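Participant: Please find one structure pasted underneath; my questions will follow.
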Amino acid sequence: MTQAEWDRAAATFDDEPDHGLASPTVREAWRRLLTSVLPPAPAQVADLGCGTGTLTRLLTDEGYAVDGLDLSPRMIERARLKVPGARFVVGDASAPALAAGGYDVVLSRHVLWALPDPRAAFARWVDLLQPGGTVVLVEGRWSTGAGLTAAQTEQIVRSHCEEVQVTHLTDPVYWGRPITDERYLIVARRSGPAPAG
């Protein structure tokens, strides 16, 4: 989708249960899932493709320091209202203008599949991490045929990371309804040294 399309989607983006996390049950499921795989707060998190800042808010409430980035100015406007204490940047997740080596965690939900070159984008994401930093991706291959399978995403991640774990998210509690497509969480640790400079 283009920036203009994401801008148009911003007004109703949070209507989906897993986007807005308005349901306490869905929100708690995501809180428990993410905090179970993240390093302890106050780790520094880059939330790439942050949308309206729902996950930024969730993690900020848990004591994490979160920087959100999204292509859509309208999404960022809503995120700033939702999480006044976080830092948000309008930018392209394919080449995020954030500090290399500045983060303990790179978090992204349903973004990698939509980028023109997921492999190149992921390599840039890994450069944002400190040595031993953690990548947390939520992705899927949807019933429309769009998306990435878990095997495809795992292959991309393994080219730059180690200790890769894949968890399929089949429980309706994450989505507010039963699902029939493939949705999953990938958690991995950055391989190799931090970038120079």
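The values are calculated or read from the model by the stated rules, or taken from the named source; none is laboratory data. Nothing here was measured: the structure is a model prediction, and the numbers come from that model. Every residue, glycine among them, receives a Cβ derived from its backbone with ideal geometry; neighbour counts consider all protein chains shown.
Participant: Among the residues of the range 66-91, which ones are assigned to a loop (DSSP other than H, G, I, E, B) and under 22 Å from Val136 (Cβ atoms)? Full working, then the answer.
Facilitator: First, pick out the residues of the range 66-91 that are assigned to a loop (DSSP other than H, G, I, E, B): 71-72, 83-86, 91.
The answer is Leu71, Ser72, Val83, Gly85, Ala86, Gly91.
Participant: Hey, among the residues in the range 154-173 that are part of a helix (DSSP H, G or I) and either within 16 Å of the chain's Cα centre (by Cα) or of a type outside the set (A, V, I, L, M) (or both), which one's farthest from Val187 (Cα to Cα)? Full working, then the answer.
Facilitator: To start, the set of residues in the range 154-173 that are part of a helix (DSSP H, G or I) comprises 154-158, 172-173.
Subsequent filtering for residues that are either within 16 Å of the chain's Cα centre (by Cα) or of a type outside the set (A, V, I, L, M) (or both) retains 154-158, 172.
Values: Glu154: 10, Gln155: 13, Ile156: 12, Val157: 9, Arg158: 11, Pro172: 20 Å.
The extreme case among them is Pro172.
Participant: Among the candidates Ala10, Ala29, which residue alone is at pLDDT below 95, of a type in the set (A, V, I, L, M, F, W, C) and more than 27 Å from Gly132 (Cβ to Cβ)?
Facilitator: Criteria check complete, one pass: Ala10.
Participant: Further question on the same structure: Which numbered condition in (1) touching a residue at least 60 places away in the same chain (Cβ under 8 Å); (2) not in a loop (DSSP other than H, G, I, E, B); (3) not hydrophobic (A, V, I, L, M, F, W, C) is the only one that Gly101 fails?
Facilitator: (2)
Participant: Mind counting the residues in the range 7-42 that are crowded, with 19+ Cβ neighbours inside 10 Å and either among the basic types (Lys, Arg) or assigned to a loop (DSSP other than H, G, I, E, B) (or both)?
Facilitator: Matching residues across the range 7-42 total 2.
Participant: Considering only the range 50-64, how many residues are part of a loop (DSSP other than H, G, I, E, B) and in contact with a Gly (Cβ under 9 Å, 6 or more places away or on another chain)? Before the answer, list the steps.
Facilitator: If we filter the range 50-64 for residues that are part of a loop (DSSP other than H, G, I, E, B), which is where we start, we get 50-53, 62-64.
Pick out the ones that are also in contact with a Gly (Cβ under 9 Å, 6 or more places away or on another chain) and you get 50-53.
Result for the range 50-64: 4.
Participant: Considering (1) closer than 19 Å to Ser94 by Cα; (2) small (Gly, Ala, Ser); (3) free of Cβ contacts under 8 Å to residues at least 60 places away in the same chain, say which one Ser143 fails and leave the rest.
Facilitator: Single failed check for Ser143: (1).
Participant: Name the pairs whose Cβ atoms lie under 8 Å apart, with the first residue in the range 166-180 and at positive phi and at pLDDT below 95, the second among the hydrophobic types (A, V, I, L, M, F, W, C) and surrounded by 12 or more Cβ atoms within 10 Å (Cβ to Cβ), and 6 or more positions between them or separate chains?
Facilitator: If the second residue must be among the hydrophobic types (A, V, I, L, M, F, W, C) and surrounded by 12 or more Cβ atoms within 10 Å (Cβ to Cβ), the pairs left are Gly176/Val26.
Participant: Now for a separate question. Please pick out the residue among Ala151, Ala120 that is farther than 23 Å from Gly53 by Cα, outside any loop (DSSP other than H, G, I, E, B) and free of Cβ contacts under 8 Å to residues at least 12 places away in the same chain.
Facilitator: After applying the criteria, what remains is Ala151.
Participant: From the list Arg177, Arg183, Arg190, Arg141, which residue is surrounded by fewer than 17 Cβ atoms within 10 Å (Cβ to Cβ) and of a type in the set (Lys, Arg)?
Facilitator: Working: Arg183 fails: surrounded by fewer than 17 Cβ atoms within 10 Å (Cβ to Cβ); Arg190 fails: surrounded by fewer than 17 Cβ atoms within 10 Å (Cβ to Cβ); Arg141 fails: surrounded by fewer than 17 Cβ atoms within 10 Å (Cβ to Cβ).
Just one listed residue meets the conditions, Arg177.
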